[in-house]
Amino acid sequence: MAKKQPENKRKVKSDNWRDLPLAEWNCRTFTAYLTSLTAEQFGVDYEPTGGGAKAERWRRELGMMKTAQANYGNAVLKRFIEKCVTEYTPKAEYPYASFSFMYSYMSDKFPKAQAEVAAEQRAEAKRKEDEVEAAEFDAGEYEDWL
């Protein structure tokens with residue numbers, strides 16, 4: 001007999017980038033995220049660009065995305081996509097930036113994304129460290145000193 005998952009423990013679909021934790025994102029999640037950003041920023045439907053049949057373009061783009069995810073991690077890849085989308089200037093012939101374009105011609109954004117994510121992670125680690133220290137602080141131990 002199959003076990004039924006409780007209502008509040010439903011598995012989140014991999015293309016639901018809003019509800020799926022970033023650590024669990026895969027290429028499908030990143031594609032859904034990029035599709036949403038493209039519609040929001042440029043007002044067009046997303047699909048990969050470049051030569052070849054549409055299926056070939058999707059395969060090529062997903063391969064690039066998987067490589068970027070393996071090399072940089074989810075946080076940096078997400079930030080890279082955000083930077084590329086916000087910094088891209090639409091052209092009549094190219095109204096949006098595809099991931100293939102980003103990966104090929106906007107790769108200088110990866111180090112910037114890495115630096116930003118690393119700085120945020122250091123700040124978060126420092127904040128957590130400060131919280132632990134504050135929680136461990138016992139005012140009673142220092143009454144005599146004050």
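Within the stretch 75-122, can you find the residues that are aliphatic (A, V, I, L, M) and either touching a strand residue (DSSP E or B) at 6+ places or on another chain (Cβ under 7 Å) or surrounded by 12 or more Cβ atoms within 10 Å (Cβ to Cβ) (or both)?
Taking the stretch 75-122 first, the residues aliphatic (A, V, I, L, M) are 75-77, 81, 85, 92, 97, 102, 106, 113, 115, 117-119.
Listed by number, the residues that qualify are 75, 76, 77, 81, 85, 97, 102, 106, 113, 115, 117, 118.
Take the stretch 33-60 and flag every residue that is in a helix (DSSP H, G or I) and within 15 Å of residue 85 (Cβ to Cβ).
In the first step, residues of the stretch 33-60 are kept if they are in a helix (DSSP H, G or I); the result is 33-42, 54-60.
The answer is 33, 34, 35, 36, 37, 38, 39, 40, 41, 42.
Go through the stretch 84-98 and report how many residues are under 12 Å from residue 41 (Cα atoms) and of a type outside the set (Val, Ile, Thr).
Within the stretch 84-98, the first condition is being under 12 Å from residue 41 (Cα atoms), and the residues that meet it are 84-90, 95-97.
Pick out the ones that are also of a type outside the set (Val, Ile, Thr) and you get 84, 87-88, 90, 95-97.
Of the residues in that region, 7 qualify.
Which residues, taken from the stretch 58-92, are farther than 16 Å from residue 38 by Cβ and not hydrophobic (A, V, I, L, M, F, W, C)?
Within the stretch 58-92, 59, 60, 63, 66, 67, 69, 71, 72, 73, 74, 79 meet the criteria.
Only the coordinates and a few stated rules stand behind these numbers; no lab work does. None of the values given here were measured: they were computed from a predicted structure. Here the Cβ is made from the backbone with ideal geometry for all residues, glycine too, and neighbour counts use every protein chain on show.
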